[in-house]
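The values are calculated or read from the model by the stated rules, or taken from the named source; none is laboratory data. Just so it is clear, the model here is predicted, and its values are computed rather than measured. Ideal geometry is used to build each Cβ from the backbone, glycine not excepted, and the neighbour counts take in all protein chains shown. Side chains are part of the model used for accessible areas, which takes the heavy atoms of the whole protein and leaves out ligands, DNA and RNA. Shrake-Rupley method; radii C 1.70, N 1.55, O 1.52, S 1.80 Å.
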Amino acid sequence: MKRLSMIFLMMILIVSLAVGCSNSEPTKAEAKEPVGKIVFKGSSTLAPVITQITKDFKEKYKTWDQVNENFANEDIEIFITGGGSGAGVKSVIDGSANVGMVSRPVTEEEQKTIEGYKEYKLGTDALTISVNPENKIYEVKDTLTTEELKKIFSGEYKYWDELDAKLAHEEIVLITRDIGGGAHKVFEEKIMGDSKVSENVIQAPSMGALVTKIIENKNAIGYASYGVVNQNEGKIMPLKVDGVEPTAENIKNGSYIISRPLLVITNKDVTESEQVLLDQIVSEEGLKVVEELGFVPGK
Amino acid sequence: MPEGSTSGFLRRREKVNIYKIIDKLFLYLIRFVSMISVLLLVFIVIFILKESLLTFEEVSFYDFVFKKGWRPISENPELGILPMILSTLYVSILALGIALPLGVGSSIFLSCMVNEKNRNFIKPIIDLMAGIPSVVYGFMGLLLIVKFFERKLSFSSGESILAASILLAIMILPYIISTCDESMIKILKKYESTSKALGVSKYHMIRYLILPTAKKGILASVVLGLSRGMGETMAVMMVIGNSPLYPKLFGKGQTIPGLIALEMGGASVNSIHYHALFASGLILMMMLMIINVLFYFIRKMMGTVSEE
């Protein structure tokens, strides 16, 4: 009896498997073009912006046929996953995402590997050199020079009082993003030049983690995203670099040097529905969200 | 009458035949399913090998494993993961050192000291600990352990090998307890009445009968705990600081799983960075295999006294 029921169970399992498989294929042929889900992947800095824009988009239209009559009556399904700028580019190359989010310049080499490469610029983000508000550095020194930053991040200055004698004799805690990430690449290019970033750094897995660490550790210094700093105003202190304050204006006109573009990129397989969404992202409304989340909007 | 009995006999034979066929089918099905899982493992190994071998065209295997310096995206990439290998071992062995006495103690308590009712209450709670997602552990580690180091012990930064080890010890504790406890219960059931009949005290029995006999069970829990610890990614990554330095107890470090998780997202496909990350995964797998094989032989050598 036991064996019989066991066999019966197996049968059910197999049948359900078979049914499950066949279900995953579209069951009914729609006369109109089905849209399916749209996947965004990439930069963790950009992800909240895209999430907000697509959320507004979803709330406004709910189903695709509301957007345009040519589309099928389907719920708008948009998935947004992080993974870093590199993953954004990667996913567009291998087609695992429809749209890639990138918060650094896309290299020419990468552009070549993507067929029908197209990028849409949402705005600019800056990496502000930020410290904990308990750190008195901004009272002692108004600005850090590139040279000083180099010495701090390469590990030449180990204690804060080496930078300025008035500061406490406490170890400088360096915080960076992962060395393969977009932010780190930008920082290395704009500040470090040929010198290497010290190995004695805490590598934060996301921009959020980096900022949290600076908020919690009074000796920490790191390159926090301008947008995230604005989201945590008062809890974290951005410093001037070479006398230039990281303000929207300075970032826009390029006088604040550690900045990076916020991009969404696609390959040649852009469907009509995706195009609608992309247009929405770079529309006035979209750029407003970019500004609301603390970044500098603009194409 | 004779006709009837013949047909009944035939029917029964037919029935037996059907069962035989079903049995056969079931056997094939089981074989097929188990083959798939074996093949999966084989494919994973092949894939990782294929992706990582390209690394060794750039750097020699020896340099990769025994040199320090991790700058995979600079002009002249440096690829040496010795600090990561050492950190991985350091963190998991230290965690095991913390968790093993606690775990063995708790399993003695669970198997020999408490009554059935309390045991049935405590055991599921400990098992539940294994089900808590590692991100949650990592978060707790960040808020409690790292903060404690920074505030109370005035570390410049609380992220350290020690913090990771403490956190990891808590995470592998339920595995150690349940493996040890299982073998101890078995031993206890087998010898309890004999031991009692001889008039031996409970503590004497634990010291001279249960602990020595449970050696194999404890060893199994060590292997399980070590493998778990070396593979743990998220929680360790959140509290260790991820610096490619040689491990020091109060210093920052980076484990191999942490390295892969942190950088895989940013590595562009088919770059040397990407292949090097696969290669470090290969090294981790090799380390785990070596440890498992090593313990297998130790277990074999450990002699005839077993709990079975």
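Please find the FRET efficiency linking A:S96 to B:S201, where r is the Cβ-Cβ separation and R0 is fixed at 45 Å, and quote it to the nearest 0.05. List each step's numbers first, then the result.
Details: r = 65 Å, r/R0 = 1.44.
Using R0 = 45 Å, I get an efficiency of 0.10.
Quick one: give the max-minus-min coordinate of the C-alpha atoms of the protein assembly as shown along each principal axis, largest first, in Å.
104, 72, 50
When averaged across all projection directions, what area in nm² does the alpha-carbon convex hull of chain A cover?
Averaging across all directions leaves 21.7 nm² for the Cα convex hull.
Whole number in Å², please: accessible area per residue of segment A:126-259, 1.4 Å probe, ligands, DNA and RNA not counted. Each step should come with its number before you reach the end.
Working: 5370 Å² over 134 residues.
Value for segment A:126-259: 40 Å² per residue.
Keeping the other protein chains in place, figure out the carbon and sulfur percent of the accessible area of the protein assembly as shown, with a 1.4 Å probe.
On the way: 19030 of 31140 Å².
C and S fraction of accessible area: 61 percent.
Return one number: the angle in degrees, 0 to 90 and rounded to the nearest 10, between the long axis of the Cα atoms of helix B:82-108 and the longest principal axis of the Cα atoms of chain B.
40
Could you pull out which residues in segment A:231-274 have an amide N less than 18 Å from a spot 7 Å beyond the Cα of A:N68, following the Cα-Cβ vector?
A:266-274
For the pair B:D23 and A:Q231, how long in nm is the line joining their label points, each one 7 Å along Cα→Cβ?
6.4
Which residue, A:G254, A:G155, A:G82, tops the fluctuation ranking in a GNM of chain A built on C-alpha contacts under 10 Å?
Between A:G254, A:G155, A:G82, it is A:G254 that shows the largest mean-square fluctuation.
Report the residues of segment B:248-278 in range of a label on B:I290: point 7 Å along Cα→C-beta, backbone N strictly under 15 Å from it.
B:256
List the residues, sorted by chain then number, that are 5 or more residues from A:I38 or on another chain and whose placed amide H is less than 5 Å from its amide H.
When sequence neighbours closer than 5 places are left aside, the close amide H contacts are A:E77, A:I78, A:F79.
Ranking request for peptides B:178-184, B:126-132, A:126-132: highest mean number of other beta-carbon atoms within 10 Å first, then the rest in descending order.
Details: B:178-184: 22.4, B:126-132: 13.1, A:126-132: 25.7.
Ranking, from highest mean packing down: A:126-132, B:178-184, B:126-132.
Which GluC sites (Glu not before Pro) in segment A:36-113 pass both tests, a DSSP loop state and at most 13 other beta-carbon atoms within 10 Å?
Details: sites: A:E59, A:E69, A:E74, A:E77, A:E108, A:E109, A:E110; in loops: A:E69, A:E74.
Qualifying residues, ordered by number: A:E69.
To the nearest 100 Å², how much accessible surface do chains A and B hide from each other in total, with a 1.4 Å probe?
2900
Tilt of helix B:215-231 relative to the longest C-alpha principal axis of chain B, in degrees (0 to 90, nearest 10)?
50
State the Cα centre-to-centre distance between segment B:5-67 and segment B:222-286 in whole Å.
If we compute the Cα centre of each part, the gap is 30 Å.
Using Stokes-Einstein with the Kirkwood hydrodynamic radius over Cα pairs, what translational diffusion coefficient do you get for segment A:126-259 at 37 °C and a viscosity of 0.692 mPa s, in µm²/s rounded to a whole number? Write down the numbers at each step before the final one.
Values: Rh = 14.6 Å.
The Stokes-Einstein estimate is 225 µm²/s.
For segment B:58-135, how big is Rg over Rh, using alpha carbon atoms and the Kirkwood form of Rh?
Numbers: Rg = 21.4 Å, Rh = 16.4 Å.
Expressed as Rg/Rh, it is 1.31.
Restricting to lysine pairs 8 or more places apart or on different chains, what number in segment A:95-158 have Cα atoms under 30 Å apart?
9
How high is the relative contact order of chain B? Use alpha-carbon pairs under 8 Å, at least six apart in sequence, and give a whole percent.
Details: 357 pairs, mean separation 77.4, N = 308.
It comes to 25 percent, rounded to a whole number.
What number results when the radius of gyration of segment B:66-307, computed over Cα atoms, is divided by 2.2 N^0.38 Å? Working shown, then result.
Numbers: Rg = 20.9 Å, N = 242, 2.2 N^0.38 = 17.7 Å.
Here the answer is 1.18, to two decimals.
Cross-link candidates for B:K190: which aspartates and glutamates have Cα within less than 15 Å, leaving aside residues fewer than 8 places away along the same chain?
Partners found: B:D181, B:E182, B:E307, B:E308.
Among the GluC sites (Glu not before Pro) within segment B:69-174, which fall in a DSSP loop and have no more than 12 other Cβ atoms within 10 Å of their own Cβ? Present the calculation step by step, with values, prior to reporting the outcome.
Details: sites: B:E75, B:E78, B:E116, B:E150, B:E159; in loops: B:E75, B:E159.
Counting only loop positions with at most 12 other Cβ atoms within 10 Å, the GluC sites (Glu not before Pro) in segment B:69-174 are B:E75.
Restricting to DSSP loop positions (anything but H, G, I, E, B) with no more than 13 other Cβ atoms inside 10 Å of their own Cβ, which trypsin sites (Lys or Arg not before Pro) remain in segment B:135-244? Each step should come with its number before you reach the end.
Working: sites: B:K147, B:R151, B:K152, B:K186, B:K189, B:K190, B:K196, B:K202, B:R207, B:K215, B:K216, B:R228; in loops: B:K152.
Hits after loop and neighbour filter: B:K152.
With the contact rule set at Cα under 8 Å and sequence spacing of 6 or more, what percent relative contact order holds for chain A? Working shown, then result.
On the way: 528 pairs, mean separation 75.5, N = 299.
Once divided by the residue count of chain A, the mean separation gives 25 percent.
How would you classify segment B:12-105 from its alpha-carbon gyration tensor, with a ≥ b ≥ c the square roots of the eigenvalues: rounded for a/c under 1.5, else prolate if a/b is greater than b/c, otherwise oblate? The partial results should precede the final answer.
Numbers: a/c = 6.78, a/b = 1.91, b/c = 3.55.
Oblate is the answer for segment B:12-105, as a/c is 1.5 or above yet b/c matches or exceeds a/b.
Springs between alpha-carbon atoms under 10 Å, Gaussian network over chain B: tell me which of B:G105, B:G97, B:G199 tops the mean-square fluctuations.
B:G199
A drop of at least 40 square angstrom in accessible area, chain alone versus all protein chains together, probe 1.4 Å. Which residues of segment A:74-117 meet that?
A:K90
Kindly tabulate the residues in segment B:260-297 with an accessible-area decrease of at least 30 Å² between the chain alone and the assembly of all protein chains, using a probe of 1.4 Å.
For segment B:260-297, once contacts with the other chains are taken into account, B:L262, B:E263, B:G265, B:G266, B:V269 lose 30 Å² or more.
Compute, for chain B, the length of the dipole vector about the Cα centre, with Cβ point charges of +1 (Lys, Arg) and -1 (Asp, Glu) only. Units Debye, rounded to 20.
Values: 30 positive and 20 negative charges, 273 e Å.
The dipole of chain B has a size of about 1320 debye.
Cut-off 10 angstrom, C-alpha nodes, Gaussian network model of chain A. Which of A:N253, A:N135, A:N73 fluctuates the most?
Residue with maximal mean-square fluctuation among A:N253, A:N135, A:N73: A:N253.
Strictly greater than 16 Å: what percent of every Cα pair in segment A:33-86 meets that?
45
Among the lysines, select those whose C-alpha is under 26 Å from the C-alpha of B:K196, and discard any that sit fewer than 8 residues away in the same chain.
B:K117, B:K123, B:K186, B:K215, B:K216
If you take the beta carbon distance between B:E78 and B:V135 as r and set R0 to 25 Å, what does 1/(1 + (r/R0)^6) give as a FRET efficiency, to the nearest 0.05? All intermediate terms of the calculation are to be shown ahead of the outcome.
On the way: r = 31 Å, r/R0 = 1.25.
Working from the Cβ atoms, E equals 0.20.
Which whole DSSP H helices in chain A pass both tests: a Cα extent of 24 Å or more along the axis and a mean Kyte-Doolittle value no lower than 0.0? Display every interim value, and only then the final one.
On the way: long enough: A:2-24 (33 Å, 1.50).
The qualifying helices are A:2-24.
Once the Cα atoms of helix B:2-53 and of chain B are each reduced to a long axis, what angle between those two axes, in degrees from 0 to 90 to the nearest 10, is obtained?
It is inclined by approximately 10 degrees.
Just the accessible area for A:L293, please: 1.4 Å probe, Å², rounded to the nearest 10?
Approximately 40 Å² of A:L293 is accessible to the 1.4 Å probe.
Whole number in Å², please: accessible area per residue of segment B:167-308, 1.4 Å probe, ligands, DNA and RNA not counted. Walk me through the numbers on the way to the answer.
Numbers: 6250 Å² over 142 residues.
Roughly 44 Å² per residue, with all protein chains present.
What is the diffusion coefficient of segment A:101-192 in µm²/s, taking the Kirkwood radius over Cα pairs and the Stokes-Einstein relation at 25 °C with a viscosity of 0.890 mPa s? Could the numbers behind the result be given before it?
On the way: Rh = 15.7 Å.
Answer, rounded: 156 µm²/s.
Dividing the Cα radius of gyration by the Kirkwood radius, what Rg/Rh value follows for segment B:27-161?
Ratio of gyration radius to Kirkwood radius: 1.11.
Roughly how compact is segment B:209-286, stated as its Cα Rg over 2.2 N^0.38 Å to two decimals?
On the way: Rg = 16.5 Å, N = 78, 2.2 N^0.38 = 11.5 Å.
Relative to the 2.2 N^0.38 Å estimate, segment B:209-286 comes out at 1.44.
If every alpha-carbon in segment A:191-260 counts as one equal scatterer, what log10 I(q)/I(0) does Debye give at q = 0.17, 0.29 1/Å?
At q = 0.17, 0.29 Å⁻¹ the computed log10 ratios are -0.72, -1.36.
Hey, could you grab the Kirkwood Rh for segment B:17-60? Inverse mean 1/r over distinct alpha carbon pairs, Å, one decimal.
On the way: mean 1/r = 0.0764 Å⁻¹.
Final number for the Kirkwood radius of segment B:17-60 is 13.1 Å.
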